[in-house]
Amino acid sequence: MPKQIHLAAHFPGVNHHTVWTDPSHRPETQTAFASFEHLARTAERGKLDFLFLAEGLRLREQRGQLVDHDVVGRPDTYTVLAALAGVTTHLGLAGTINATFNEPYELARQFATLDHLSAGRAAWNVVTSSDAFHGANFRRGGYLDHADRYERAREVVEAARALWDAWAPDAIAADAAAGVYARDRSIGLVRTGGRLVDIEARPTLPRSPQGHPVILQAGDSDAGRELAAQVADAVFSRHGSLEDGQAFYADVKGRLARYGRSPEDLKILPGASFVLGDTPAEAEERLREIQHQQVRPAVARAFVEQLWNRDLSEYDVDGPLPEIDPLVEAPSITQGRASFFKDPLAIAATWRALSEEKGLSIRELVIEVVGRQSFVGTPQHVADEIDRYVQSDASDGFILVPHLTPHGLDEFVDRVVPLLQERGSFRTEYTGTTLREHLGLPAADRFGSTLDDVDAPDEALTA
């Protein structure tokens with residue numbers, strides 16, 4: 001039997017990937033519930049595992065000005081996912097919530113609530129932050145050292161798991177004759193004494209249908225990979241090529257054994273876009289049109305300015321790259337976006353060589369380097385490629401990122417999903433009801449975390 005492919009859908013919001021200039025787009029599309037509902041219903045019609053919402057804590061700025069084409073503005077994640085729970089029956093509901101600026105008790109209660117409302121379909125994508133720009137929205141500000149962000153995330157997740165475990169499975173007796181609602185010593189008091197998380201709390205909700213909502217994680221640094229091996233059920237990765245995907249897959253799954261976990265306990269799900277056509281030539285032509293809609297002149301300039309860390313407004317985006325070098329020591333001119341440029345000088349040299357080799361302008365270069373993994377071709381070719389990546393252990397599936405909101409997933413569900421089903425590598429029907437079952441993940445073990453110290457109460461809660 002072939003490995004089973006796992007697919008999810010990402011609601012894109014407004015960013016450089018979204019073609020919001022398309023005639024079908026309306027300004028209210030990004031916040032209208034009808035948009036979220038359409039994408040969710042389409043994903044469920046295609047038997048996808050889950051719908052994924054990203055998070056934008058603050059509007060992005062560059063050189064002190066709002067980046068209006070890349071603001072990633074979205075409604076509140078919990079509200080949207082709770083509403084979607086009422087219009088779907090099987091689709092998982094995954095939300096990105098920051099572990100740096102939110103408290104574990106609140107996080108545990110909110111995701112447990114979503115898991116109860118959806119009958120076991122909730123997932124939390126754990127992200128971190130260490131900068132004062134985002135921190136200014138919160139009472140702690142930007143105090144957290146960069147080195148501590150993953151440590152806090154680990155302690156927050158462990159505390160949340162302890163809270164999810166605090167009610168025994170048989171805690172609710174509901175014995176009217178005896179006047180006892182909860183059994184004696186069945187609701188534990190959670191104490192954690194971590195360096196960054198120190199709480200004492202008794203959760204107000206019974207254990208949810210999944211036990212623990214599914215945990216996703218998206219960090220790619222060594223610390224991020226280690227955190228994924230420790231606490232994550234799935235990883236939203238950035239690795240696009242087959243070889244890079246295989247290396248990431250082997251590295252992260254190879255770390256699981258030291259935490260008593262097996263490779264099946266963690267799913268690797270890169271983000272991927274797609275462009276379909278009736279012929280390869282038609283798909284390539286559609287790709288070029290989409291890329292030029294995505295990477296408008298302002299987008300191209302803003303992207304290169306992030307690397308150069310300086311104002312490049314005097315440069316023509318249809319001309320060559322700047323001859324000057326990036327400013328390495330100066331403070332970043334970009335706020336609200338994680339930097340992917342670990343060595344700006346080396347990357348600039350690589351870009352110059354690529355630009356000279358292919359005769360690329362600034363805008364053409366950005367089109368060349370900015371894209372994520374993209375499957376381009378006929379529906380048959382795209383199905384073949386997705387299956388090849390999964391069967392070759394470059395991923396366990398993909399989180400699909402359509403470029404149009406909210407109808408961008410329709411064509412994939414109608415034309416590619418049936419081909420994957422014919423191959424026997426993708427489900428034709430949901431066989432379970434919870435997201436853990438969709439992903440083939442083991443049941444969440446009660447009291448399985450490393451930080452929890454769960455004490456039973458002295459007496460039952462009685463009527």
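The values are calculated or read from the model by the stated rules, or taken from the named source; none is laboratory data. No experiment lies behind these values; they were computed from the predicted model shown. All Cβ positions, glycine included, derive from the backbone under ideal geometry; neighbour counts span all protein chains shown. Ligands, DNA and RNA are stripped out before the accessible areas are found, and what is left, the full protein with its side chains, is counted by its heavy atoms. Shrake-Rupley method; radii C 1.70, N 1.55, O 1.52, S 1.80 Å.
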Completion exercise
The residue from 171, 166 that alone is touching a residue at least 60 places away in the same chain (Cβ under 8 Å) and open to solvent by less than 40 Å² (accessible area, probe 1.4 Å) is 166
Exercise for the section: Scan segment 36-51 and give yes if some residue there is open to solvent by less than 60 Å² (accessible area, probe 1.4 Å), more than 18 Å from residue 8 (Cα to Cα) and within 19 Å of the chain's Cα centre (by Cα), otherwise no. Expected result: no
Handout entry: segment 182-200: number of residues that are crowded, with 19+ Cβ neighbours inside 10 Å and outside any loop (DSSP other than H, G, I, E, B)
Key = 3
Practice task
Sort through 162, 182, 153 and tell me the only one that's in the same structural domain as residue 434 (by TED's automatic domain parsing), among the small types (Gly, Ala, Ser) and farther than 28 Å from residue 225 by Cα.
Solution key: 182
Handout entry: Residue within segment 210-217 that is assigned by TED's automatic domain parsing to the domain that holds residue 95 and either open to solvent by 40 Å² or more (accessible area, probe 1.4 Å) or assigned to a helix (DSSP H, G or I) (or both) present
Key = no
Exercise for the section: Considering only segment 91-113, state which residues are open to solvent by 10 Å² or more (accessible area, probe 1.4 Å) and touching a helix residue (DSSP H, G or I) at 6+ places or on another chain (Cβ under 6 Å). Expected result: 110
Handout entry: Failed item in (1) in a loop (DSSP other than H, G, I, E, B); (2) touching a helix residue (DSSP H, G or I) at 6+ places or on another chain (Cβ under 6 Å); (3) in contact (Cβ under 8 Å) with a residue 24 or more places away in the chain, with residue 278 passing the rest
Key = (2)
Practice task
Would you mind stating whether residue 161 is within 27 Å of residue 91 (Cβ to Cβ), of a type in the set (Lys, Arg), surrounded by 16 or more Cβ atoms within 10 Å (Cβ to Cβ) and in contact (Cβ under 8 Å) with a residue 60 or more places away in the chain?
Solution key: yes
Practice task
Name the one entry in 438, 381 that is modelled with pLDDT of 95 or more and surrounded by 21 or more Cβ atoms within 10 Å (Cβ to Cβ).
Solution key: 438
Exercise for the section: Inspect segment 168-175 for any residue being in the same structural domain as residue 56 (by TED's automatic domain parsing) and under 30 Å from residue 48 (Cα atoms) and give the result as yes or no. Expected result: yes
Completion exercise
Listed by range, helices (runs of 4 or more DSSP H) wholly within segment 87-181 having at least 1 residues that are closer than 22 Å to residue 202 by Cα are 104-117, 149-165
Exercise for the section: Could you tell me which residue of segment 268-312 is surrounded by the most Cβ atoms within 10 Å (Cβ to Cβ), considering only residues that are in the same structural domain as residue 325 (by TED's automatic domain parsing) and aromatic (Phe, Trp, Tyr)? Expected result: 303
Handout entry: Filtered residue count, segment 248-267, keeping only those that are in a helix (DSSP H, G or I) and open to solvent by less than 60 Å² (accessible area, probe 1.4 Å)
Key = 8
Exercise for the section: Output the residues belonging to segment 315-365 that are open to solvent by less than 50 Å² (accessible area, probe 1.4 Å), in contact (Cβ under 8 Å) with a residue 40 or more places away in the chain and more than 22 Å from residue 238 (Cβ to Cβ). Expected result: 317, 319, 321, 333, 361, 362, 363
